[in-house]
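Novice: Got a structure for you, questions after.
The values are calculated or read from the model by the stated rules, or taken from the named source; none is laboratory data. Treat the numbers as computed from the prediction; the structure is a model and nothing was measured. A quick note on method: Cβ atoms are made from the backbone with ideal geometry, for glycine too, and the neighbour counts reach across all protein chains shown. Heavy atoms of the whole protein, side chains included, go into the accessibility calculation; ligands, DNA and RNA do not. Shrake-Rupley method; radii C 1.70, N 1.55, O 1.52, S 1.80 Å.
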Amino acid sequence: TEGWLKGSHDGLGIVATTILVVLLHSLHCHDLDDENKMISVQNMSIYDSLPSDIVHLAIRDQVPADGLFLSGFSVVIDESSLTGESENVMVNAQNDFLLSGTKVKYGSCKMLITTVGMRTQWG
């Protein structure tokens, strides 16, 4: 409605802003990916984990892969990063599945890794 000269400023501004946001977002995701590769459990990279490995988890550890609870006490997992639920999940013999990427909030346990990498529940 304002003509090519006046109207093009708004359109070009929106296109430039969109391109800038996409570029910054991709750079940020690249930095996060590099940071995730640096996560290690027991002096071992998560990329070295294989199904059937047994991993000991303690408070503030990140669960490196999907797995089954073997033994432990008072294990409470924070799954909010995956599910968005603010309530923590108690893990025991009855509720024995641990999801990759979650964090141990309380307790410690041993887990048997069942799936790794892109084969985990959340990929």
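Novice: Taking the stretch 73-113, which residues are in a strand (DSSP E or B) and among the acidic types (Asp, Glu)? Quick ask: steps written out before the conclusion?
Specialist: Step one: filter the stretch 73-113 for residues in a strand (DSSP E or B), giving 73-78, 89-91, 97-98, 103-113.
If the condition is that a residue be in a strand (DSSP E or B) and among the acidic types (Asp, Glu), then Asp78 is the only one that fits.
Novice: Then there's this: Determine the pairs where a residue that is under 18 Å from Val104 (Cα atoms), located within the stretch 36-65, has a partner that is at pLDDT 70 or above and of a type in the set (Asp, Glu) with Cβ atoms under 8 Å apart, the partner being 6 or more residues away or on another chain.
Specialist: Once the first residue is under 18 Å from Val104 (Cα atoms) and sits in the stretch 36-65, its partners that are at pLDDT 70 or above and of a type in the set (Asp, Glu) give Val41/Asp61.
Novice: Among the residues of the stretch 73-110, count how many are under 13 Å from Gln121 (Cβ atoms), surrounded by 14 or more Cβ atoms within 10 Å (Cβ to Cβ) and of a type in the set (Ser, Thr, Tyr).
Specialist: The number of residues fulfilling the criteria is 2.
Novice: In addition: Identify the residue in the stretch 57-72 that is in a strand (DSSP E or B) and out of contact with any Ser or Thr (no Cβ under 7 Å at 6 or more places or on another chain) and, among all such residues, is least open to solvent (accessible area, probe 1.4 Å). Break it down into steps so the answer makes sense when it comes.
Specialist: In the first step, residues of the stretch 57-72 are kept if they are in a strand (DSSP E or B); the result is 57, 62, 66-72.
Filter once more, keeping what is out of contact with any Ser or Thr (no Cβ under 7 Å at 6 or more places or on another chain): 62, 69-71.
Details: Gln62: 52, Phe69: 30, Leu70: 88, Ser71: 56 Å².
The extreme case among them is Phe69.
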